[in-house]
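Novice: Just dropping this structure here.
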Amino acid sequence: MTVDKLKKQLITVIEEVARVLSRSKHAVVFTGAGISAESGIPTFRGSGGLWAKYNAEEVASVDGFMKNPKAFWEFIKELVKNKSKPNSAHYAIAELEKLGIVRTVITQNIDMLHQRAGSEEVIELHGSMSTIKCLECGKTYDWKEIEPKLTDCPPVCECGSTYLKPAVVFFGEPLPEDAMARAVKHASSCDTFMVVGSSLVVYPAAYLPFVAKKSGATLIILNAEPTHADEYFDYVLHGKAGDILPRIAEAVSRFLTRA
Ligand code: NAD
């Protein structure tokens, strides 16, 4: 297919997706690392992903952390370098919430960028970096207190311990029960479920689109690359979230004004 034809096809799908969203009474957006790529935070998989550089078992598992907290914090430094800010994709989702279309964002990300963009209903399936707890003395810190300490990696607790663990879900740890229960409830009661920037390979989070489909929701996926699950989706968009989501939000707003 020619570039012109591909561009036209993308415009058509954007309009169709916007039409579906504008009629939706309960839309859910499910995000992964890809939505924050344009904020300068590397993804795990996909081109330029962090797994090419780090070993998940070493840096983000409970065993790995207990053996070497420094390796984990070096990895976090890379994840949050550039003091990342929300990008146009995060803002577009917050806008869709303000328009009354998106009822909740379910995110696998730990970077808190949805909240910083103005989304109010955010379910953090893998926790977040907002609080950090010392596993030895129990003292808890806010991210803002720890971030400046990252120059001396790993950060050290007042009690001298280097076992400062953020409230994120490590490999091998269960997901927070309450967050997963709320996510399943939304997935099984929404009418539209849109995935943005996820390779859909991290379970159990990646089951959620299938829960939504089983309950009759329309499925949309927007990802930079094809995923193994594209065939199950009603609408598939390949491209950058920061480019495409604002166009979808603009079209939704246009349809709502006309209605
Ligand atoms: P993933 O790394 O497995 O997949 C990311 C997907 O995003 C890839 O398929 C890639 O093609 C796509 N992508 C890259 N740039 C994009 C863009 N600009 N627009 C749209 N798509 C883009 O991510 P995942 O599915 O979220 O699973 C990995 C796990 O890693 C999650 O559990 C998450 O907690 C964690 N993680 C979080 C962050 C973060 O908080 N920002 C960053 C890295 C990893």
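Novice: Among the residues of the range 153-166, is any within 13 Å of the ligand (Cβ to nearest atom) and either in contact (Cβ under 8 Å) with a residue 24 or more places away in the chain or within 25 Å of residue 71 (Cβ to Cβ) (or both)? Talk me through it step by step, then tell me what you get.
Specialist: Step one: filter the range 153-166 for residues within 13 Å of the ligand (Cβ to nearest atom), giving 166.
Of the ones still in play, those that are also either in contact (Cβ under 8 Å) with a residue 24 or more places away in the chain or within 25 Å of residue 71 (Cβ to Cβ) (or both) are 166.
Yes, because at least one residue in the range 153-166 is within 13 Å of the ligand (Cβ to nearest atom) and either in contact (Cβ under 8 Å) with a residue 24 or more places away in the chain or within 25 Å of residue 71 (Cβ to Cβ) (or both).
Novice: I'm told residue 100 meets every condition in (1) crowded, with 16+ Cβ neighbours inside 10 Å; (2) over 16 Å from residue 182 (Cβ atoms); (3) not charged (D, E, K, R) except one. Can you identify the failing condition by its number?
Specialist: In the conditions (1) crowded, with 16+ Cβ neighbours inside 10 Å; (2) over 16 Å from residue 182 (Cβ atoms); (3) not charged (D, E, K, R), residue 100 misses (1) alone.
Novice: Also: Residue check, residue 109 against (1) surrounded by fewer than 23 Cβ atoms within 10 Å (Cβ to Cβ); (2) within 22 Å of residue 140 (Cβ to Cβ); (3) out of contact with any Phe, Trp or Tyr (no Cβ under 6 Å at 6 or more places or on another chain); (4) touching a residue at least 24 places away in the same chain (Cβ under 8 Å), all met but one. Which one?
Specialist: Tallying (1) surrounded by fewer than 23 Cβ atoms within 10 Å (Cβ to Cβ); (2) within 22 Å of residue 140 (Cβ to Cβ); (3) out of contact with any Phe, Trp or Tyr (no Cβ under 6 Å at 6 or more places or on another chain); (4) touching a residue at least 24 places away in the same chain (Cβ under 8 Å), residue 109 fails exactly one: (1).
Novice: Is there a residue being away from the ligand (no atom under 16 Å from the Cβ) and either open to solvent by 50 Å² or more (accessible area, probe 1.4 Å) or more than 21 Å from residue 9 (Cα to Cα) (or both) anywhere in the range 216-231?
Specialist: Filtering the range 216-231 for residues away from the ligand (no atom under 16 Å from the Cβ) gives 216-218.
Then drop every residue that is not either open to solvent by 50 Å² or more (accessible area, probe 1.4 Å) or more than 21 Å from residue 9 (Cα to Cα) (or both), which leaves 216-217.
Scanning the range 216-231 turns up at least one residue that is away from the ligand (no atom under 16 Å from the Cβ) and either open to solvent by 50 Å² or more (accessible area, probe 1.4 Å) or more than 21 Å from residue 9 (Cα to Cα) (or both).
Novice: Here is a further query. Looking at the range 232-256, which of its residues are open to solvent by 60 Å² or more (accessible area, probe 1.4 Å) and hydroxyl-bearing (Ser, Thr, Tyr)?
Specialist: Scanning the range 232-256 gives a single hit, 232.
Novice: Turning to a different aspect of this structure: What number of residues in the range 201-210 are crowded, with 19+ Cβ neighbours inside 10 Å and at pLDDT 95 or above?
Specialist: Looking only at the range 201-210, we keep the residues that are crowded, with 19+ Cβ neighbours inside 10 Å, and these are 205-206, 208-209.
Still in the list and also at pLDDT 95 or above: 208-209.
The number of residues fulfilling the criteria is 2.
Novice: May I pose another question? Has the range 93-104 got at least one residue that is touching a residue at least 60 places away in the same chain (Cβ under 8 Å), within 12 Å of the ligand (Cβ to nearest atom) and either in contact with a strand residue (DSSP E or B) (Cβ under 8 Å, 6 or more places away or on another chain) or of a type outside the set (A, V, I, L, M, F, W, C) (or both)?
Specialist: Within the range 93-104, the first condition is being touching a residue at least 60 places away in the same chain (Cβ under 8 Å), and the residues that meet it are 93, 95-96, 99, 101-104.
Adding the requirement that they be within 12 Å of the ligand (Cβ to nearest atom) leaves none.
No, the conditions are met nowhere in the range 93-104.
Novice: In addition: Are there any strands (runs of 3 or more DSSP E) wholly within the range 146-259 with 1 or more residues that are touching a Cys at 6+ places or on another chain (Cβ under 8 Å), and if so which? Give the derivation first.
Specialist: Values: elements: 164-168, 192-196, 218-223, 235-238.
Passing ranges, in order: 164-168.
Novice: Something else about it: Which numbered condition trips up residue 46, out of (1) modelled with pLDDT of 75 or more; (2) within 6 Å of the ligand (Cβ to nearest atom); (3) on the phi > 0 side of the Ramachandran plot?
Specialist: (1)
Novice: If you check residue 131 against the conditions, is it of a type in the set (S, T, N, Q) and open to solvent by 30 Å² or more (accessible area, probe 1.4 Å)?
Specialist: Working: of a type in the set (S, T, N, Q): yes; open to solvent by 30 Å² or more (accessible area, probe 1.4 Å): yes.
Criteria met by residue 131.
Novice: Among the listed residues 41, 14, which satisfies the condition of being part of a helix (DSSP H, G or I), in contact with a helix residue (DSSP H, G or I) (Cβ under 8 Å, 6 or more places away or on another chain) and within 16 Å of the ligand (Cβ to nearest atom)? Break it down into steps so the answer makes sense when it comes.
Specialist: Numbers: 41 fails: part of a helix (DSSP H, G or I).
That would be 14, the only listed residue that is part of a helix (DSSP H, G or I), in contact with a helix residue (DSSP H, G or I) (Cβ under 8 Å, 6 or more places away or on another chain) and within 16 Å of the ligand (Cβ to nearest atom).
Condition check ((1) in contact with a Ser or Thr (Cβ under 8 Å, 6 or more places away or on another chain); (2) at positive phi; (3) part of a loop (DSSP other than H, G, I, E, B)) across all residues:
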site	(1), (2), (3)
71	no, no, no
95	yes, no, no
110	yes, no, yes
131	yes, no, no
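Novice: Follow-up. Out of all the residues in the range 184-199, which are within 10 Å of the ligand (Cβ to nearest atom) and either open to solvent by 40 Å² or more (accessible area, probe 1.4 Å) or at pLDDT below 95 (or both)?
Specialist: If we filter the range 184-199 for residues that are within 10 Å of the ligand (Cβ to nearest atom), which is where we start, we get 195-199.
Matches in the range 184-199: 199 only.
Novice: Further question: Here's a check for you: in the range 112-124, which residue that is open to solvent by less than 20 Å² (accessible area, probe 1.4 Å) and modelled with pLDDT of 95 or more is nearest to the chain's Cα centre (by Cα)? Talk me through it step by step, then tell me what you get.
Specialist: To start, the set of residues in the range 112-124 that are open to solvent by less than 20 Å² (accessible area, probe 1.4 Å) comprises 113-114, 117, 119, 123.
With modelled with pLDDT of 95 or more added as a condition, the list becomes 114, 117, 119, 123.
Details: 114: 8, 117: 13, 119: 12, 123: 10 Å.
Within the range 112-124, the match that is nearest to the chain's Cα centre (by Cα) is 114.
The values are calculated or read from the model by the stated rules, or taken from the named source; none is laboratory data. Being a predicted model, the structure only gives us computed values, none of them experimental. Heads up, the Cβs are rebuilt from the backbone with ideal geometry, glycines too, and the neighbour counts pull from every protein chain shown. Side chains included, ligands, DNA and RNA excluded: accessible areas come from the protein's heavy atoms. Shrake-Rupley method; radii C 1.70, N 1.55, O 1.52, S 1.80 Å.
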